C-alpha cells in the first residue's frame, strides 16, 4: 500500500481521488441530464437540489484532486516525453480544467439568480449577488452546460481509450 505517488505509479490517494471524482461526476451528469428533460415543477426542482447539493461535495473533492495533481504532477513509465505522453498530459490537464470550470460555474449559475446554494435543505450558502445578474447567469449557464455535455464527455472518452490502450499493451507485453 503506497499513499503517495511514485515516479512510476500512482498512489492510493490518487486512486481514491480519481474514483471519488468518477462517482460524483457520473451522478452529477446523470442528474443534470435528467433535469434538462423534465418539465418545470417539483420533480425538476428536487433533482436540481440534489444535483447542486452533491455539487457542493464535488467542489471539495475536485478541488482536492486538482491540488493533488498540481502538487504531484503526472506519472509516466519513463522520463522521455513522446507524442503520446504529451497527448496524455494535454487530455488529463483539460479534464482537470473542465472539472474546475464545472465547480466554479455551477454555484455561480445559481448564485447569479440571487438565490442561495442549498445543501439538501440542511443549510444554505448565500448568494454574493443581491439581485439577479443576467450576463453572469447566462455566461455561467453556457460554461456549465457546454463544459459538461460535449467537452467533458469527449475528454472522458479519450481518457478511457488511452487507459484501455495502456491496459491492453501491458497484457500483451
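A quick yes/no check of all residues on (1) more than 20 Å from residue 62 (Cα to Cα); (2) in contact with a helix residue (DSSP H, G or I) (Cβ under 9 Å, 6 or more places away or on another chain); (3) modelled with pLDDT of 95 or more; (4) surrounded by 16 or more Cβ atoms within 10 Å (Cβ to Cβ):
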site	(1), (2), (3), (4)
103	no, yes, yes, yes
107	no, yes, yes, yes
114	yes, no, yes, no
120	no, yes, yes, no
123	yes, no, yes, no
132	yes, no, yes, no
135	yes, no, yes, no
147	no, yes, no, yes
Could you grab me the full set of residues in the stretch 15-42 that are under 26 Å from residue 75 (Cβ atoms) and touching a residue at least 60 places away in the same chain (Cβ under 8 Å)?
21, 25
Any chance the stretch 32-42 includes a residue that's in a helix (DSSP H, G or I), modelled with pLDDT of 95 or more and out of contact with any helix residue (DSSP H, G or I) (no Cβ under 7 Å at 6 or more places or on another chain)?
yes
Filter the stretch 36-53 for residues that are within 23 Å of residue 155 (Cα to Cα) and surrounded by fewer than 17 Cβ atoms within 10 Å (Cβ to Cβ) and give the result.
36
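The values are calculated or read from the model by the stated rules, or taken from the named source; none is laboratory data. All values derive from a computational prediction rather than experimental measurement. Here the Cβ is made from the backbone with ideal geometry for all residues, glycine too, and neighbour counts use every protein chain on show.
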